[in-house]
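The values are calculated or read from the model by the stated rules, or taken from the named source; none is laboratory data. Small disclaimer: the values here were computed from a predicted structure and weren't measured. Cβ: placed from backbone, ideal geometry, glycine included. Neighbour counts: every protein chain shown.
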Amino acid sequence: MKPWLRWGIISVVLAAVVVIVLSGKKGEEITELTKSAKADNSDCVSCTDPTCSTAAEFAQVQYDQDHEPSSAIRFIELGSSTCRSCKQMKAVLGELEEHYPHGLVVESYDVKEDPDIARLYQIRVIPTQVIIDTSGKEIYRHEGYFPLEEIELLLAETGIAVDG
């Protein structure tokens, strides 16, 4: 085998290993969450589908009963107390509650403490933010840190203005 071809193959293999290792680290927290969620689904037909879980179906029914459609848009933050970006989002949530006390309901869930909510919203990455309109329909989803300025632009597009 020619030396340049050997080094080319080795380079490709090393690059693939690096990509696999790095992508595995990024989703580490949510992978553990998914493993623990699948462990409690003994009567599930196909645990690769997060909506097949009896626990998730129960969570949806409970959630629907607790959250009737309202006159306010809901901003749902799904994260964890151990996630750096999720901790940064706490300050943003406080600002949202302060700026929009009437037109926006801000909710925050720790998906490690409540894995059913993670299955309900089919969370892949934390933090994830979901915006629900007044009829209960998801109108926007964002993954990762979501700066206040970008949220305010999005809310302005939906017709919600800063209170006060």
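Observations on the structure shown:
- The set of residues in the stretch 90-112 being closer than 17 Å to LEU154 by Cβ and of a type in the set (A, V, I, L, M, F, W, C) consists of VAL92, LEU93, LEU96, LEU104, VAL105, VAL106.
- Residue that is nearest to SER71 (Cα to Cα) [pool: residues in the stretch 119-157 that are assigned to a strand (DSSP E or B) and touching a His at 6+ places or on another chain (Cβ under 9 Å)]: ILE132
- The residue of the stretch 71-80 that is surrounded by the most Cβ atoms within 10 Å (Cβ to Cβ), among those that are under 19 Å from GLU149 (Cβ atoms) and under 15 Å from the mean Cα position of the chain (by Cα), is PHE75.
- Subset of the stretch 53-85 [at pLDDT 55 or above and touching an Asp or Glu at 6+ places or on another chain (Cβ under 8 Å)]: ILE73, ARG74, PHE75, ILE76, GLU77, GLY79, SER80, SER81, THR82, CYS83
- Scanning the stretch 125-138 for residues that are under 14 Å from the mean Cα position of the chain (by Cα) and surrounded by 14 or more Cβ atoms within 10 Å (Cβ to Cβ) gives VAL125, ILE126, PRO127, THR128, GLN129, VAL130, ILE131, ILE132.
- Residue match in the stretch 103-112 (condition: hydroxyl-bearing (Ser, Thr, Tyr) and under 12 Å from the mean Cα position of the chain (by Cα)): yes
- Of the residues making up the stretch 94-117, just one is under 16 Å from GLU143 (Cβ atoms) and in contact with a Phe, Trp or Tyr (Cβ under 8 Å, 6 or more places away or on another chain), namely ILE117.
- Of all residues making up the stretch 81-118, the number that are surrounded by fewer than 20 Cβ atoms within 10 Å (Cβ to Cβ) and part of a loop (DSSP other than H, G, I, E, B): 9
- Matching residues in the stretch 140-157 - criterion: being surrounded by 14 or more Cβ atoms within 10 Å (Cβ to Cβ) and over 14 Å from the mean Cα position of the chain (by Cα): LEU148, ILE151, GLU152, LEU154, LEU155
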